[in-house]
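Chemist: Below is a structure I'd like to ask you about.
Each value in this text was obtained by applying a stated rule to the coordinates, not by laboratory testing. In this text the structure is predicted, and so the values were computed from the model without any measurement. Here the Cβ positions follow ideal geometry from the backbone for every residue, glycine too, while neighbour counts run over all protein chains shown.
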Ligand SMILES: [Zn+2]
């Protein structure tokens, strides 16, 4: 069984692992995932899946699992890790205790070879082997619970609202921990037979994705900062370090395979961007083509799509969510709003004002306001319930920090709820990645013309990790994004 980091082949990793590999130091134990950690991971797994839009099914998931298994084996953790592809378009990868490792389909979209994906998985396995995750996880869970949770007990919903949306859940590792995970990951690439130079290529691709997100500016602020860059700080120095570490293996760039064609065959057909089943978030707007509803939050709001609800965070610490449900048989909006308020408040004491019945954009609505009693003062809670027709209701639940400086923003949010016309709904189509072969005569322009999206040229370059000046060679394969055929992703 190889030692982690392959001390014999990787001088830089060896230097970092000197305590484990040096003659005088005690021999390093083989890596191992404890039963206790597996238990923690298994317990969190369903919650993390739910927050990330669930597991993405099919061949792509099996591929991630298979490749992850090979990398875990290269790290000496054969059969001890669980790799999951999640149905989120946020670019992210992370590991939690117990060696549960998650990769989003958003990350899969920007990867261009099997070795690059292996480098991401190897980096995450590296965090596990070096036991970074346990320490970080505990700290960030405290932070995630947030300030309001301290003053409010008895309501899981309020606690959840107070917390950060899990998709933006960050594990802040120290710079040295990132370097160590990079070095370990590069060792696993070599051990698994992949080109170690792919790691620097992957970091470069992530840096270009970041530049694309900032440059395109069409999406919400939180998404313009890629997760990878937040949880794994990405710097030019880190990319250079990965290059140096690959050079230090003594394996020439390209001497071991990257398996780009195999990778591209796997991602052909992968869902790209929002999943229509969860609705489409575009900047501050949300639209659901199946439910036929939408809203637009006022300036300063950030929306995050998750399968249960749309999380909203607004100016001045406003937080909330948008969701929907069935109108109880024989009940009206009052019943729906009251049940919701009971669920939100739990046993928390609150002063509830009489409900307000209004019509918003032709839709019957009911507004409930309450002052929730907390240790830090009265927290304003606002609920808006809408009759979406066909026995379906929709709602916002918003909480604000003590004081009511946010009432106007909340009112504007509620007023933006509307039903979608058939034409509006029809325009919201899922997109997928298609791998196409470049034909003679194809140019950046002809491929751009085949792309669906708001920034086709920049996205084409970003997804294929290309520069505009690099000529296209007939026969080479590139990823494009197209509208899915109707019904293709159902
Ligand atoms: Zn990391």
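Chemist: In nm, what is the difference between 0.36 nm times the number of residues separating residue 40 and residue 131 and their Cα-Cα distance? Intermediate results must be reported in sequence, preceding the final value.
Modeler: Working: separation 91, 0.36 × 91 = 32.76 nm, distance 1.41 nm.
Gain on extension, residue 40 to residue 131, equals 31.4 nm.
Chemist: Would you calculate the separation in nanometres between label points at residue 332 and residue 255, each defined as 7 Å from the Cα along the Cα-to-beta-carbon direction?
Modeler: Result: 7.9 nm between the two label points.
Chemist: Taking the alpha carbon gyration tensor of region 284-358, what are the square roots of 5 times its eigenvalues, largest first, to the nearest whole Å? List each step's numbers first, then the result.
Modeler: Details: eigenvalues 108, 68, 30 Å².
Over the Cα atoms of region 284-358, the ellipsoid semi-axes are 23, 19, 12 Å.
Chemist: Would you work out the relative contact order for region 297-449, in percent, from Cα pairs under 8 angstrom that are 6 or more residues apart?
Modeler: Working: 233 pairs, mean separation 31.9, N = 153.
Contact order relative to length: 21 percent.
Chemist: Could you sort 181-194, 255-268 so that the peptide with the highest average Cβ count within 10 Å comes first and the rest follow in order? Walk me through the numbers on the way to the answer.
Modeler: On the way: 181-194: 26.5, 255-268: 18.1.
Highest mean packing first, the order is 181-194, 255-268.
Chemist: Once the piece of chain linking residue 32 and residue 473 is laid out straight, how much longer is it, given 0.36 nm per residue of separation minus the C-alpha distance between them? Don't jump to the answer; show the numbers that get you there.
Modeler: Values: separation 441, 0.36 × 441 = 158.76 nm, distance 4.60 nm.
Once the chain is fully extended between residue 32 and residue 473, it gains 154.2 nm.
Chemist: A follow-up question, please. Where does region 429-483 land on Rg(C-alpha)/(2.2 N^0.38 Å)? Walk me through the numbers before you get to the answer.
Modeler: Values: Rg = 10.4 Å, N = 55, 2.2 N^0.38 = 10.1 Å.
Dividing the Cα radius of gyration by 2.2 N^0.38 Å gives 1.03.
Chemist: Describe numerically, in nm with one decimal, the distance between label points set 7 Å from Cα along Cα→Cβ at residue 343 and at residue 437.
Modeler: If labels sit at residue 343 and residue 437, their model points lie 5.2 nm apart.
Chemist: How long is the gain from residue 237 to residue 361 if the chain were fully straight, where each residue apart is worth 0.36 nm and the alpha carbon distance is subtracted?
Modeler: On the way: separation 124, 0.36 × 124 = 44.64 nm, distance 5.28 nm.
Contour length minus Cα-Cα distance gives 39.4 nm.
Chemist: Another question about this same structure. Students often get this wrong: which residues of region 336-368 have the backbone nitrogen under 20 Å from the point 7 angstrom along Cα-to-C-beta of residue 421?
Modeler: Those under the cut-off are 360-364.
Chemist: Between Rg and the Kirkwood Rh of region 23-111, both from Cα atoms, what is the Rg to Rh ratio? Walk me through the numbers on the way to the answer.
Modeler: On the way: Rg = 14.5 Å, Rh = 13.9 Å.
A ratio of 1.05.
Chemist: After finding the eigenvalues of the alpha carbon gyration tensor for region 276-426, what semi-axes result from the square roots of 5 times each, listed largest first in whole Å?
Modeler: Values: eigenvalues 118, 70, 34 Å².
In descending order the semi-axes read 24, 19, 13 Å.
Chemist: If I model a spin label as a point 7 Å beyond the Cα along the Cα-Cβ vector, how far apart are those points for residue 446 and residue 408 in nm?
Modeler: Once both label points are built, they end up 5.5 nm from each other.
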